[in-house]
Amino acid sequence: MKTIYRTIIAVTALIVALSSMLGAQWPSYPTPGVPRTADGKPILDAPTPRTPDGKVDFSGIWMRAGGGGGGRGRAGAAPAPTTTPDGIPLSTFGEVAGRGYPLPMTPWAAELKKKRMANNMKDNPDVWCLPIGLMQYHNHPQPRQIVQTRNLMLITYESNYGLRYIYMDGRPAPDNDPTPWWFGYSRGWYEGDTLVVETTNFLGDERAGWLDVNGSPYTDALKMTERFRRPNFGTLEIDITIDDKKAYTKPFTVRVNQRIMVDQEMIEFICNENERSTHHIEPPEWMKKPAK
């Protein structure tokens, strides 16, 4: 059996590539509130939109934009950057810190990632139609929509139909030993024009705990701090700090860049509908029934 998970990834990539064709099922309708030129083109470098109380408004449908590939495009083209100008690694779907950045893994985490890669990454929750973890969602080629209100921000991910809640009402982190969440427990506040989001109480067992496709792990000890910035209408920058003492010897920070999508809508994506690929893959340990 040859690299089954890579085959699944290839099929997934094909589905994503066809998504623009699938979008034809929706009537074309211009996104309201978009600054435009006289001929109707969006002005992506227009000023940052704001809420009635003057805060930066992050609402919109966003696509991942570039970063961290480390390869070449056309012949003779310069290599894609792997860091921001100030040295922050550009995160990728395959590797959370992109290529060429050695993660400060504990021996346990390094061994687990090695095991996952040797197993062709088939136990990634994405393969089993489970939530894929916030870093994989940040880097996924399928879009996500941010809906922002005064006290709550919702992020809907087209991939695996994920839904994330970010509480903006000043509440503290939970301290009553709650059940852990696939998406963690997120609380946000503004520091100037930057939205800071701190997320804890992650589910970090073998089913979850994948920062990237190659299996860089995280655990229930993870504290993720995201700093969202919208420097203009069309650009979203997210700096994410991973602080997980069980998996990493020190915190590290990566950047995810996204760009606005206009005049398009999200597509319904039900991973389990008519799913057949996992019938041909040996199930992971956490799916196997215990021996009698």
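The values are calculated or read from the model by the stated rules, or taken from the named source; none is laboratory data. This is a predicted model, so every value here is computed, not measured. Note: ideal-geometry Cβ built from the backbone for every residue, glycine included; neighbour counts use all protein chains shown.
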* Which one of the conditions (1) modelled with pLDDT of 95 or more; (2) surrounded by fewer than 18 Cβ atoms within 10 Å (Cβ to Cβ) does residue 179 fail to meet, given that it meets all the rest? -> (1)
* **Residue within segment 102-122 that is under 28 Å from residue 188 (Cβ atoms) and at pLDDT below 95 present** => no
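In this structure, does residue 230 turn out to be more than 18 Å from residue 97 (Cα to Cα), outside any loop (DSSP other than H, G, I, E, B) and in contact (Cβ under 8 Å) with a residue 12 or more places away in the chain? Outline the logic, then answer.
On the way: more than 18 Å from residue 97 (Cα to Cα): yes; outside any loop (DSSP other than H, G, I, E, B): yes; in contact (Cβ under 8 Å) with a residue 12 or more places away in the chain: yes.
Spelling it out, residue 230 is indeed more than 18 Å from residue 97 (Cα to Cα), outside any loop (DSSP other than H, G, I, E, B) and in contact (Cβ under 8 Å) with a residue 12 or more places away in the chain.
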* Asked: Within segment 133-146, is there a residue that is out of contact with any Ser or Thr (no Cβ under 6 Å at 6 or more places or on another chain), more than 29 Å from residue 263 (Cβ to Cβ) and at pLDDT below 95?
  -> yes
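It is to be established whether one or more residues within segment 240-254 are under 18 Å from residue 156 (Cα atoms) and under 17 Å from the mean Cα position of the chain (by Cα).
Looking only at segment 240-254, we keep the residues that are under 18 Å from residue 156 (Cα atoms), and these are none.
No.
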* Report yes if residue 221 is closer than 20 Å to residue 129 by Cβ, among the small types (Gly, Ala, Ser), part of a loop (DSSP other than H, G, I, E, B) and under 20 Å from the mean Cα position of the chain (by Cα), otherwise no. => no
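I need the full set of residues from segment 150-176 which are polar (S, T, N, Q) and modelled with pLDDT of 95 or more, in order please. First the steps, then the outcome.
Initially, segment 150-176 is screened for residues polar (S, T, N, Q), giving 151, 156, 159-160, 176.
Across segment 150-176, the qualifying residues are 151, 156.
For the condition among the hydrophobic types (A, V, I, L, M, F, W, C), buried (at least 21 other Cβ atoms within 10 Å of the Cβ) and either touching a residue at least 40 places away in the same chain (Cβ under 8 Å) or more than 30 Å from residue 274 (Cα to Cα) (or both), what is the one hit in 134, 152, 130?
134
Residues are listed down the side, and each one gets a yes or a no for (1) more than 25 Å from residue 119 (Cβ to Cβ); (2) among the acidic types (Asp, Glu); (3) in contact (Cβ under 8 Å) with a residue 40 or more places away in the chain:
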| residue | (1), (2), (3) |
| --- | --- |
| 240 | yes, no, yes |
| 251 | yes, no, no |
| 265 | yes, yes, yes |
| 284 | no, no, yes |
| 287 | no, no, yes |
* To do: Could you figure out which of (1) touching a helix residue (DSSP H, G or I) at 6+ places or on another chain (Cβ under 9 Å); (2) over 22 Å from residue 286 (Cβ atoms); (3) not hydroxyl-bearing (Ser, Thr, Tyr) isn't true of residue 187?
  => (1)
* **Single condition residue 170 does not satisfy, out of (1) assigned to a loop (DSSP other than H, G, I, E, B); (2) of a type in the set (Gly, Ala, Ser); (3) crowded, with 19+ Cβ neighbours inside 10 Å** => (3)
* Structure fact -> Out of (1) under 30 Å from residue 49 (Cβ atoms); (2) modelled with pLDDT of 95 or more, the one residue 263 does not meet is (2)
* Asked: Residues 259, 276, 230, 207: which one is farther than 19 Å from residue 124 by Cα and out of contact with any Lys or Arg (no Cβ under 9 Å at 6 or more places or on another chain)?
  -> 230
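Going by the conditions given, is residue 242 within 19 Å of residue 131 (Cα to Cα) and not in a loop (DSSP other than H, G, I, E, B)?
Values: within 19 Å of residue 131 (Cα to Cα): yes; not in a loop (DSSP other than H, G, I, E, B): yes.
The answer is yes for residue 242.
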* **Residue satisfying all of: in segment 198-217; hydroxyl-bearing (Ser, Thr, Tyr) and touching a strand residue (DSSP E or B) at 6+ places or on another chain (Cβ under 6 Å); farthest from residue 153 (Cα to Cα) among these** => 200
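If you take the residues of segment 186-212 that are among the polar types (S, T, N, Q) and surrounded by fewer than 22 Cβ atoms within 10 Å (Cβ to Cβ), which of them is farthest from residue 133 (Cα to Cα)?
Here the residue is 194.
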* To do: Would you check if there is a residue in segment 57-64 being in a loop (DSSP other than H, G, I, E, B) and modelled with pLDDT under 95?
  => no
